[in-house]
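To start, the structure itself, in structure tokens.
The values are calculated or read from the model by the stated rules, or taken from the named source; none is laboratory data. All values derive from a computational prediction rather than experimental measurement. Reconstructed Cβ throughout: ideal geometry from the backbone, glycine too, with neighbour counts over all protein chains shown.
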Protein chains: 2
Amino acid sequence: MRADAQRNAEKLRAAAAELFQERGLKVPLKEIARRAGVSHGTLYNLFGTREALIDEVVTGLAADRLDEAAEHALSFEDPREGFAYYIEKVCELQATDPAVADVVSGRYPAAECLMAICGRAQEAATRIIERAQLAGAIRPDFTSEDLLLFFVTNALLARAAADTAPDAWRRQVAFLLEGLDTGPAQGALAVAPLTPQQVYDVMGRLAGTP
Amino acid sequence: MRADAQRNAEKLRAAAAELFQERGLKVPLKEIARRAGVSHGTLYNLFGTREALIDEVVTGLAADRLDEAAEHALSFEDPREGFAYYIEKVCELQATDPAVADVVSGRYPAAECLMAICGRAQEAATRIIERAQLAGAIRPDFTSEDLLLFFVTNALLARAAADTAPDAWRRQVAFLLEGLDTGPAQGALAVAPLTPQQVYDVMGRLAGTP
DNA sequence: AAGTAAGTTGACCCAAGGGTCAAGAACTGT
DNA sequence: ACAGTTCTTGACCCTTGGGTCAACTTACTT
């Protein structure tokens, strides 16, 4: 690869990182090219697809923070606290950074590294949930699929509210946590948990807003 | 107005009603015209704006059902049951009919009748919430703004899940109800309620999916 | 039955966003 | 310093959706 191409790729990565964090993974590619100061043709030439660009850029942005949240959640002595920490932390990351929000909720099947991150995050969530359930801290019928759906809707809410009520999502999180916490009244859920396939389908459509 | 124009307007209203219910208030106007069997020019000629069409068509679709839900909720002896009924019923309407979902969550400020419906629904919600709170049935810091935001995210979820997991939203509703129900552990919310203005802004952006 | 007003049509404009590619510019190795 | 390769550019094409309007058609009136 020629030196100037290398430089352009770097400029594009930088611009993409900025814009992804500012406005999510769906920013127009032409705008990324504009900010990088190159033609959009060059972007297509060097990366080919949005997914490839995402893969090179977003991994570093999101993976560490999500992993760290999971790790820290599991380091709590009290599983209930760890669980609450994890949910709040992930939602906060989503609210703070649209790129993270899209990593958690958007679906970009062609972005391999990104999908790997999602996989790891989901596994971590499952462990955190199960730990809390074994301790009897939260209702036993809550699943990691439920949590994912909640994250997706939370991401939409957080982004929509970012300018006007940047903490709106915290209320919804609080209601959820209250609802999950084992308490006296605890009826069984009338609806079966979703399958991973269902969640996959659902998220695809929630992400693209038709 | 000439007789043929009258007929066309009627065809357009019928087509719009169908498509609004099938796919929400954002269906392309040209598609409505296509289904009505007229040119899109005629649609613009007869109605001018999407809002005008919505106003003529959606009122009948949504108002009765929403009013009825509120009325029935207030007819429960137990305010707690009435509250739960209302939330579930509205969410169910949203899940069943994208037009209702958009009425509750979308913002079409130029559609007067529609905004009137929204206003009435919100007032009803406030009464239902306050009644439950006076009875000590639900946490006192839950507001009708919280409920609206919940409805909006619920609508997105329900629509996204419609084909794959049409009951997914019921789980989230159940978690919410559990969280609102007065129980032993009941910490104060760390975040202040939103103002109506904030809710107004937020919803505008949640509706248009950028 | 003809004249006129009213209504309809579809080609046309716009913008945003995705994507391609021939022509030209710019590196690099010798 | 020049040939040869690689890279960049921006004009171009596509689509979807909103919106307009001159020319045509249709219905009503007398």
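Only one of the listed residues (B:Ala5, B:Ala9, B:Ala33) is farther than 28 Å from B:Trp169 by Cβ, within 12 Å of DNA strand C (Cβ to nearest atom) and in contact with a His (Cβ under 7 Å, 6 or more places away or on another chain). That residue is B:Ala33. Of the set (1) within 15 Å of DNA strand C (Cβ to nearest atom); (2) under 16 Å from the mean Cα position of the chain (by Cα); (3) away from chain B (no Cβ under 14 Å), all apply to A:Asp102 but (3). Apart from one condition, B:Leu25 fits all of (1) more than 9 Å from DNA strand C (Cβ to nearest atom); (2) modelled with pLDDT of 95 or more; the exception is (2). Looking only at segment A:1-23, count how many residues are within 14 Å of chain B (Cβ to nearest Cβ) and either within 15 Å of DNA strand D (Cβ to nearest atom) or without any contact (Cβ under 8 Å) to a residue 60 or more places away in the chain (or both). Final tally of qualifying residues: 1.
Taken over segment B:87-142, the residue count meeting the criterion of being farther than 24 Å from B:Arg170 by Cα, among the hydrophobic types (A, V, I, L, M, F, W, C) and in a helix (DSSP H, G or I) is 6.
Which one is surrounded by the fewest Cβ atoms within 10 Å (Cβ to Cβ), of the residues in segment A:156-184 that are in a helix (DSSP H, G or I), at the interface with chain B (Cβ under 7 Å from one of its Cβ atoms) and of a type in the set (D, E, K, R)? For segment A:156-184, the residue satisfying everything is A:Arg170. Count, please, the residues in segment B:118-155 that happen to be surrounded by fewer than 18 Cβ atoms within 10 Å (Cβ to Cβ) and in contact with a Gly (Cβ under 9 Å, 6 or more places away or on another chain). Total meeting the criteria: 0.
When segment B:24-39 is filtered for residues that are more than 24 Å from B:Val103 (Cβ to Cβ) and near DNA strand D (Cβ under 8 Å from one of its atoms), only B:Ser39 remains. If you go through segment B:38-49 one residue at a time, do you hit one that is closer than 22 Å to B:Ala116 by Cβ, within 14 Å of DNA strand C (Cβ to nearest atom) and either more than 14 Å from chain A (Cβ to nearest Cβ) or surrounded by 16 or more Cβ atoms within 10 Å (Cβ to Cβ) (or both)? So far as segment B:38-49 goes, yes, one or more of its residues are closer than 22 Å to B:Ala116 by Cβ, within 14 Å of DNA strand C (Cβ to nearest atom) and either more than 14 Å from chain A (Cβ to nearest Cβ) or surrounded by 16 or more Cβ atoms within 10 Å (Cβ to Cβ) (or both). Are any of the residues in segment A:56-76 touching a strand residue (DSSP E or B) at 6+ places or on another chain (Cβ under 8 Å) and away from DNA strand C (no atom under 13 Å from the Cβ)? Scanning segment A:56-76, I find no residue that is touching a strand residue (DSSP E or B) at 6+ places or on another chain (Cβ under 8 Å) and away from DNA strand C (no atom under 13 Å from the Cβ), so the answer is no.
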